[in-house]
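Undergrad: Can you keep this structure in mind? I'll have questions shortly.
The values are calculated or read from the model by the stated rules, or taken from the named source; none is laboratory data. No experiment lies behind these values; they were computed from the predicted model shown. Cβ: placed from backbone, ideal geometry, glycine included. Neighbour counts: every protein chain shown. All accessible areas refer to the heavy atoms of the entire protein, side chains included, with ligands and DNA or RNA removed. Shrake-Rupley method; radii C 1.70, N 1.55, O 1.52, S 1.80 Å.
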Protein chains: 2
Amino acid sequence: METLADIGEDELIRRLVRGLKHDASVIAGPGDDCAVVKGSREPLVLKTDTVVEGVHFTAETPPRLIGRKAMARVISDFAAMAATPRHALITLIAPPQTAVKRVIDVYAGLRTMAEAFGVNIVGGETSKGNQLIITVSLTGTAPNQRWISRSQAKAGDGLYVTGRLGGSIKGKHLRFQPRMPEAHWMAKNLPVHAMMDLSDGLAQDLPRLAAACGLGFQVDFSALPRTAGCTTEQAWGDGEDYELLLALSQKTTVKQLAAWKLAFPKLKLTRIGELVKKENAPIAPAGGWQHFRP
Amino acid sequence: METLADIGEDELIRRLVRGLKHDASVIAGPGDDCAVVKGSREPLVLKTDTVVEGVHFTAETPPRLIGRKAMARVISDFAAMAATPRHALITLIAPPQTAVKRVIDVYAGLRTMAEAFGVNIVGGETSKGNQLIITVSLTGTAPNQRWISRSQAKAGDGLYVTGRLGGSIKGKHLRFQPRMPEAHWMAKNLPVHAMMDLSDGLAQDLPRLAAACGLGFQVDFSALPRTAGCTTEQAWGDGEDYELLLALSQKTTVKQLAAWKLAFPKLKLTRIGELVKKENAPIAPAGGWQHFRP
């Protein structure tokens, strides 16, 4: 089995970037000290995210799905702001005894997902390390300044989630579809006051959104849209749903919600509660994922 | 001793971003799904780079110097293109038992270096992992399109390096100064055809520059500017010099080189050889650093 130690850094990079597709925005891609791409008058949007062996995937995870997940997670963050990703840098850390084929397959997963969302991979970095780690840094734009933060919601706003929650570990965490068209549609057609993607579980992420707005929340737990076979506790506490959590204005109309159903008939949009003033917030049960915690 | 496991992810991030300084270009910094910054009509420049415990630093390295190095390495890549860095994202991977103080100090090193070069830290990501790893992703601009690639040199161009080479492991690899003002001065005042920074050693990096230009090279080994106490072999093979390697036009004048001495009297600029057609290139001795190689 050919390993990274056999071929070394230069040959690895040569194989990884061979045949990379770039659109007209790329002035200089891999092979220089930095990548150079066309500038933009619109605001730039930046995000980095990382997947670590033993945390976000295992030694048994098919390598293409590792790469797919690494890219999809960051694209999901762009969706959460109704922004458009454009250019990616990939940092790859791996033990020298890693099979070259494994890394090539990880990269194939990265590329497939990048191409599906119009993202150019324009550079990166490799280093040896004790475990396989892929970090994706993504830049893009927010057209028409219509991007959505997680901090502008008001007390009384309704809380909604897309799709179904819980049990992602059974496979969705590797195969989820970033809610990019849905998020752009929402930014255009619904009075969205705040939005974020659910990566650490509703139990962690909803308090973060509420805190960013200086608010509390109340949740109707019986309304949580559960993945088939999942309990309410799992829908509340499990991480890696990569669904959207939104705060919609109190003035959202039935007609607006009907338009959603027409546009995305296969994806539920469920009201799960509302944002309230801090002093009116009930105590929520714990759950969700925090890095570093035992 | 307080560890990351004691305080968890949210509290760690809160402590890391407290008091971060941002200039007017930052629209939304840490705390949202992505960072948002002002766009630019100029080309965007992108680079990511990573430092790994046991590879780029040791358990004994003072944490501030780890952070300093992580940021300085990427800034050095921007210098190598005569580009201007503006916004950074930081990915921090660490074992849960890591002392909080160590991470705070790493971040202090990152911040000090960022502030010195006008870089805004606008976001990042944390994850647990088996060893301490810091990845810096940097975006910026190339004013007036006067950026310099490593691929546009011609046969007959003179090869020059700044400073002295070799022995960086004795301390310079942690305390080097990115050659930012020097690179911008050169881009403006010298006929620079190609430039790169020396991170893996002249023995690795010079062949890369030559290959990017489709050329070979010949080096006058007796001319290599050596760090005090270093041999020619070390000046040729040691990594992490973070000096600039340049290809200057054959038409470079004595007056132009005299202007360099006047502008930067304390930094040597040494002619070490020239680029030649591939078929005229002598065989160069091996050396330098390749990741993954035993």
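Undergrad: Which residue pairs have Cβ atoms under 6 Å apart, sit 6 or more places apart or on different chains, and have a first residue in region B:207-233 that is in a helix (DSSP H, G or I) and a second that is open to solvent by 30 Å² or more (accessible area, probe 1.4 Å) and hydroxyl-bearing (Ser, Thr, Tyr)?
TA: B:Ala212/B:Ser151; B:Phe221/B:Thr232
Undergrad: Restricting to region A:76-86, name every residue that is under 20 Å from A:Glu125 (Cβ atoms) and open to solvent by less than 10 Å² (accessible area, probe 1.4 Å).
TA: Scanning region A:76-86 gives a single hit, A:Pro85.
Undergrad: Now for a separate question. Please verify whether B:Trp147 is buried (at least 22 other Cβ atoms within 10 Å of the Cβ) and farther than 24 Å from B:Glu233 by Cα, treating the condition exactly as stated. Walk me through it before giving the result.
TA: Details: buried (at least 22 other Cβ atoms within 10 Å of the Cβ): yes; farther than 24 Å from B:Glu233 by Cα: yes.
Yes: the conditions hold for B:Trp147.
Undergrad: Kindly evaluate A:Val100 against the criterion of being crowded, with 24+ Cβ neighbours inside 10 Å, farther than 17 Å from A:Asp32 by Cα and touching an Asp or Glu at 6+ places or on another chain (Cβ under 7 Å).
TA: No, not satisfied.
Undergrad: Scan (1) within 13 Å of chain B (Cβ to nearest Cβ); (2) of a type outside the set (Gly, Ala, Ser); (3) open to solvent by 20 Å² or more (accessible area, probe 1.4 Å); (4) under 21 Å from the mean Cα position of the chain (by Cα) for the single condition A:Leu92 breaks and write down its number.
TA: The failed condition is (3).
Undergrad: Considering each residue of region B:93-121, count those that are without any contact (Cβ under 8 Å) to a residue 60 or more places away in the chain and closer than 28 Å to B:Gly8 by Cα, and give that number.
TA: Looking only at that region, the number is 11.
Undergrad: Continuing with this model, one more query. As an exercise: evaluate B:Pro285 against (1) buried (at least 16 other Cβ atoms within 10 Å of the Cβ); (2) outside the structural domain of B:Leu174 (by TED's automatic domain parsing) and give the number of the one condition it does not meet.
TA: Failed condition: (1).
Undergrad: Could you list, in sequence order, all residues of region A:105-124 that are surrounded by fewer than 23 Cβ atoms within 10 Å (Cβ to Cβ) and within 14 Å of chain B (Cβ to nearest Cβ)?
TA: Matches in region A:105-124: A:Asn120 only.
Undergrad: For region B:150-202, which residues satisfy the criterion of being assigned to a loop (DSSP other than H, G, I, E, B), of a type in the set (A, V, I, L, M, F, W, C) and surrounded by 24 or more Cβ atoms within 10 Å (Cβ to Cβ)? Break it down stepwise before answering.
TA: First pass over region B:150-202, keeping only residues assigned to a loop (DSSP other than H, G, I, E, B): B:150-157, B:163-164, B:166-167, B:171, B:176-179, B:190-191, B:198-201.
If we keep only those that are of a type in the set (A, V, I, L, M, F, W, C) as well, we get B:153, B:155, B:176, B:190, B:198.
Those that are assigned to a loop (DSSP other than H, G, I, E, B), of a type in the set (A, V, I, L, M, F, W, C) and surrounded by 24 or more Cβ atoms within 10 Å (Cβ to Cβ): B:Ala153, B:Leu198.
Undergrad: Moving to a separate point now. Taking the residues in region B:153-182 that are hydrophobic (A, V, I, L, M, F, W, C) and touching a strand residue (DSSP E or B) at 6+ places or on another chain (Cβ under 6 Å) as candidates, determine which candidate is farthest from B:Ala79 (Cα to Cα).
TA: Per the criteria, the residue is B:Ala155.
Undergrad: Right, next: Given A:Gly129, A:Gly67, which one is among the small types (Gly, Ala, Ser), more than 8 Å from chain B (Cβ to nearest Cβ) and open to solvent by less than 20 Å² (accessible area, probe 1.4 Å)?
TA: A:Gly67
Undergrad: Sticking with this one: Tally time: how many residues in region B:250-294 are at pLDDT 95 or above and under 26 Å from B:Gly166 (Cα atoms)?
TA: Here the count works out to 19.
Undergrad: Would you be able to say whether some residue in region B:7-15 is more than 12 Å from chain A (Cβ to nearest Cβ) and under 15 Å from B:Ile104 (Cα atoms)? So that I can check it myself, show each step before the final result.
TA: Step one: list which residues in region B:7-15 are more than 12 Å from chain A (Cβ to nearest Cβ), which gives B:15.
Those still in the list that are under 15 Å from B:Ile104 (Cα atoms) too: B:15.
Yes, there is a match, as at least one residue in region B:7-15 is more than 12 Å from chain A (Cβ to nearest Cβ) and under 15 Å from B:Ile104 (Cα atoms).
Undergrad: Where the second residue is surrounded by fewer than 14 Cβ atoms within 10 Å (Cβ to Cβ) and the first is part of a helix (DSSP H, G or I) and lies in region B:256-273, which pairs have Cβ atoms under 8 Å and are six or more apart or on separate chains?
TA: If the second residue must be surrounded by fewer than 14 Cβ atoms within 10 Å (Cβ to Cβ), the pairs left are B:Gln256/B:Asn189; B:Ala259/B:Asn189; B:Trp260/B:Asn189; B:Ala263/B:Asn189.
Undergrad: Still on this structure, I have one more. All but one of (1) in a loop (DSSP other than H, G, I, E, B); (2) open to solvent by less than 30 Å² (accessible area, probe 1.4 Å); (3) touching a Gly at 6+ places or on another chain (Cβ under 8 Å) hold for B:Asp23; state the number of the condition that does not hold.
TA: All conditions pass for B:Asp23, except number (2).
Undergrad: Look through A:Thr58, A:Thr48 and report the one residue that is hydroxyl-bearing (Ser, Thr, Tyr) and free of Cβ contacts under 8 Å to residues at least 60 places away in the same chain.
TA: Within the list A:Thr58, A:Thr48, the selection yields A:Thr58.
Undergrad: Considering region A:123-151 alone, what residues qualify as being closer than 30 Å to B:Leu44 by Cβ, among the polar types (S, T, N, Q) and more than 20 Å from the chain's Cα centre (by Cα)?
TA: Those that are closer than 30 Å to B:Leu44 by Cβ, among the polar types (S, T, N, Q) and more than 20 Å from the chain's Cα centre (by Cα): A:Thr126, A:Ser127, A:Asn144, A:Gln145.
Undergrad: While we're here: Quick check on my filter: what residues within region B:30-42 are buried (at least 21 other Cβ atoms within 10 Å of the Cβ) and assigned to a loop (DSSP other than H, G, I, E, B)?
TA: Selection gives B:Asp32, B:Asp33, B:Cys34.
Undergrad: Restrict the check to region B:62-77 and report whether at least one residue is touching a residue at least 60 places away in the same chain (Cβ under 8 Å), in contact with a Cys (Cβ under 6 Å, 6 or more places away or on another chain) and in a helix (DSSP H, G or I).
TA: yes
Undergrad: How many of the residues making up region A:241-252 are assigned to a loop (DSSP other than H, G, I, E, B) and open to solvent by less than 60 Å² (accessible area, probe 1.4 Å)?
TA: Here the count works out to 5.
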